[in-house]
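So the structure is just underneath, and the comments pick up after that.
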Amino acid sequence: MTRWNYRTPEDVRAIVRNCAEHHFNVILFQVRGNGTVYYKSRIEPWAWELTGGGPETTGKDPGWDPLKLACYEARKRGIELHAYMNVFPGWRSQDYPPPSAGQLWTAHPEWFMVDRSGNKMIPRTNWYSFVSPGIPEVQQYVEEVFLEVIKRYRIQGVHFDYIRYPSEIDDFSYDPVSLSRFEQATGKTPAEATAEWTRWRAEQVTQVEQAIYRKGKALRPEIIFSAAVVRAPRRGRNRYYQDSERWLREGTLDVVIPMLYTNNMEEFRKVTQDFVQLRQEGWAAPGVGIGRAGEQLLEQLEIARQEGADGAALFAYNGLFPEHQPNEKATALLAGPYREKARVPWD
């Protein structure tokens, strides 16, 4: 359930009601998009989307707390609420937040990724600019953002998204701090040691993931950590520097959600099989793209069941409840595989 699906308290109530009435057992409720948040934070500013206008209203208090309300409504209806948070995106807009908001783009411009030509990653209207995991201050900052939510809100889980480098855009990040740290560690430049440079970047992402997991579990052992991951683990590790296989192997990820947004049923089955085998002591739930699956939505859920998956994560809410009204797909789910509410696998 993305942050684009709500603007008012009435929206949040409708979202939780619809999910509960259609027998979903977990809501991944997005509350962090790009260095702005949808809850009362001591670290990051309010998202401008909650108060209308544009980026110039970044940091303006909307007068209500979406995450607090979602937790209350979910608890009332007996459904788990997990805070869905983008990890490394730092800003998204060609208009910038006011410096007074303290948003990352103006407060820490030196944290943003740089391409191999030395150009800073510039945000676009429909895409993000990322902060660099290779900068220790970024790692510490992101960790504090996540731990704040775990400490202050009655959530049952945390969901990582964009816990990777944005390699679909360009090869990042050649910021001065990352380059210096890599050269200190290896005695080489990235051009002289491409395989080591790949491993080093993957290690930076893993350090963030594992620090949040371990410190979060120390605070609240019952918290469930999930992540949306690249569907091919090797490609994730070598291109996006996201080593989900390692996280599962080392026990620092509870639920792996490969992003299987496809209508290729053979591929869907094969990737589901792969992650079921990789899950170790955790759980595997394929991410089903409602729009991409089309009429094959129910078939994909059946494949997930046949292959021993621990459930499925449906993306996204408005594919079932446009304008908060259940469509034919939502009705079919309720009449079919969701006719009864299932227990969460970690219960």
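Here SER129 fulfils each of the conditions (1) over 30 Å from ALA218 (Cα atoms); (2) free of Cβ contacts under 8 Å to residues at least 12 places away in the same chain apart from (2).
Conditions tested, residue by residue: (1) under 28 Å from GLU80 (Cβ atoms); (2) touching a Phe, Trp or Tyr at 6+ places or on another chain (Cβ under 6 Å); (3) surrounded by 14 or more Cβ atoms within 10 Å (Cβ to Cβ).
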residue	(1), (2), (3)
SER180	no, no, no
ARG201	no, yes, yes
ASN238	no, no, yes
ARG246	yes, no, yes
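Looking only at residues in region 2-37 that are touching a Leu at 6+ places or on another chain (Cβ under 6 Å) and surrounded by 18 or more Cβ atoms within 10 Å (Cβ to Cβ), the one that is nearest to ARG152 (Cα to Cα) is VAL31. At least 2 residues being crowded, with 16+ Cβ neighbours inside 10 Å and at pLDDT 95 or above is the threshold, and among the helices (runs of 4 or more DSSP H) wholly inside region 264-342 those reaching it are 265-278, 297-306, 328-335. Name every residue in region 217-235 that is crowded, with 21+ Cβ neighbours inside 10 Å and out of contact with any strand residue (DSSP E or B) (no Cβ under 6 Å at 6 or more places or on another chain), in order of residue number. If the condition is that a residue be crowded, with 21+ Cβ neighbours inside 10 Å and out of contact with any strand residue (DSSP E or B) (no Cβ under 6 Å at 6 or more places or on another chain), then PRO233 is the only one that fits. State which residue is nearest to VAL230 (Cα to Cα) when the search covers only region 182-199 and only residues that are of a type in the set (Asp, Glu) and surrounded by 14 or more Cβ atoms within 10 Å (Cβ to Cβ). Among those that are of a type in the set (Asp, Glu) and surrounded by 14 or more Cβ atoms within 10 Å (Cβ to Cβ), it is GLU196. Of all residues in region 265-281, those that are under 15 Å from ARG292 (Cβ atoms) have Cβ atoms under 9 Å from Cβ atoms of residues that are hydroxyl-bearing (Ser, Thr, Tyr), 6 or more apart or on another chain, in PHE268/THR262; VAL271/THR262.
Residues that are farther than 18 Å from THR2 by Cβ and not polar (S, T, N, Q) within region 24-43 comprise LYS40, ARG42, ILE43, listed in sequence order.
The values are calculated or read from the model by the stated rules, or taken from the named source; none is laboratory data. Since we're looking at a predicted model, the values are computed, not measured. Counting neighbours? That spans all protein chains shown, and the Cβs are built from the backbone with ideal geometry, glycine included.
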